[in-house]
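Report on one structure; see the data block that follows.
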Amino acid sequence: MMGLMAREEHRTATSTRIRTAQTRGAEAPTPARPATRAWTTRLVVLGIVLTALNLRPAITSLGALLEEVRDGLGMSGSVAGLLTSVPPLCFALFGVTAPRLARRFGPGAVVCAGMAAITAGLLLRPYVGSTAGFLAASALALMGIALSNVLMPVIVKRWFPDRVGSMTGLYSMALALGTASAAAVTVPMTEALGGSWQTGLAVWAGLAALAVLPWIPLVRDRHSDGEHGRGGGAAPVVSAQEKHARVQAPTLRITRSRTAWALAVYFGLQATGAYITMGWMAQIFRDAGVHAGTAGLLLAVTMVMGVPLAFVIPRLATRLPHQGPIVLALGVCGLVGYAGLYLAPVTGSWAWALLLGVSNCSFPLALTMVGMRARTSAGVAQLSGFAQSTGYLISIPGPLLVGVLYQHSGGWGLPIALMAGLMIPQMAVGVLAGRDRTVEDEAAR
């Protein structure tokens, strides 16, 4: 009997030790994982904001000093028009490679490399001393912008699948803030630094260098499922539908989707208007008799309208079953703004700048629709790459054509008529892109 009791006590003690060890083993990592994930999520948010701040200063800082750059490098109006067409050309050529690079190296690594390319391009281009070199260094910076442009909706969808509207709004708001800041402060900052346009352009490389830092810890995170990355950071939370995306993505024929095509054309037409505005609007006001500093401020007003609206519009868009009414409202603002820019460019300059700024919020709306028109991050990656690359290809001739029309007509009547005319098809395809459907369903059919 005593032996039986001893064996029973031994069995009970052993069982207790095993349960205790299992409990400790199960509970030990628990505090670390939420802490790691919270830290990594904050880092991703910081990276998104700093990246967005750097996606337009390379363009709007040049628009503010375009006349000085033309004089310094001996550019004609047509060559300057070519220069303003370089951004959409680079976005089309390099943006299409972003999904493939993201699958190979991970989105964080590609965005980190993109920020480094922006830094190098902005630092080099003012000092190369020739138009060809200026174009080449600009293309390097724009390559980094193109990769990040495409991957931002992908990162938002992966890390914040339940907050696509609010995170897209935050990203778009930071993008608009960076765009407006570069337009507003480039001229006075250039004057404060000695009046050299080279210094005024090169100083923006510092902001780009700062944006490299948050992505460095995420460079080795190549996973798109719920596992931890090789770098030790927490991976995004992913649903079962999302985990199935790797299998579904290669079979998605994005070109079979009418919504994808409508979104690509909408993206292209809004990009045409945006890059014409960023490249030429300050010059339109200067030719009308507005002081260079004031013209830069007017361009900044146009860009800064995107700061509040870029946060509001995506949130509103995600609450509507059809985004067509927002498309139409933004288009009407653009038509009125262009009409005013032609009829009374000086007396109503601030009103036209405000209206065109509202119209330019078609960009965050397009980004939001990219996130809404696909069910998974794999689908968003394909749709984002297709819509942005195709869209930027469509937008290439616009700024160049404006430069040619301006040089040969001697005024801004024909270029402004072109801008207003493009707004009509933009509104039409935007209504089609705003319908409640997904590219996966359309491609499958």
Label-point separation in nm, Ala132 to Val346, each point 7 Å along Cα→Cβ: 4.2 nm
With every protein chain kept in place and a 1.4 Å probe, region 265-364 has an accessible area per residue in Å² of 34 Å²
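Hey, any idea what % of region 132-227's accessible area is carbon plus sulfur with a 1.4 Å probe?
Working: 2130 of 3180 Å².
The value for region 132-227 is 67 percent carbon and sulfur by accessible area.
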Table column - 3J(HN,Hα) (Hz), region 101-107, Karplus curve with 6.51, -1.76, 1.60, x for Gly and Pro: 5, 5, 5, 7, 10, x, x
Tabulate in residue order the Karplus-calculated ³J(HN,Hα) for region 375-380, using 6.51 cos²θ - 1.76 cosθ + 1.60 with θ = phi - 60°, rounded to whole Hz; enter x for Gly and Pro. 8, 10, 5, 5, x, 5
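The values are calculated or read from the model by the stated rules, or taken from the named source; none is laboratory data. What you see is a predicted model; the values in this text were computed from it and never measured. Note that we place each Cβ from the backbone using ideal geometry, even for glycine, and neighbour counts take in every protein chain shown. With ligands, DNA and RNA removed, areas are computed over all heavy atoms of the protein, side chains included. Shrake-Rupley method; radii C 1.70, N 1.55, O 1.52, S 1.80 Å.
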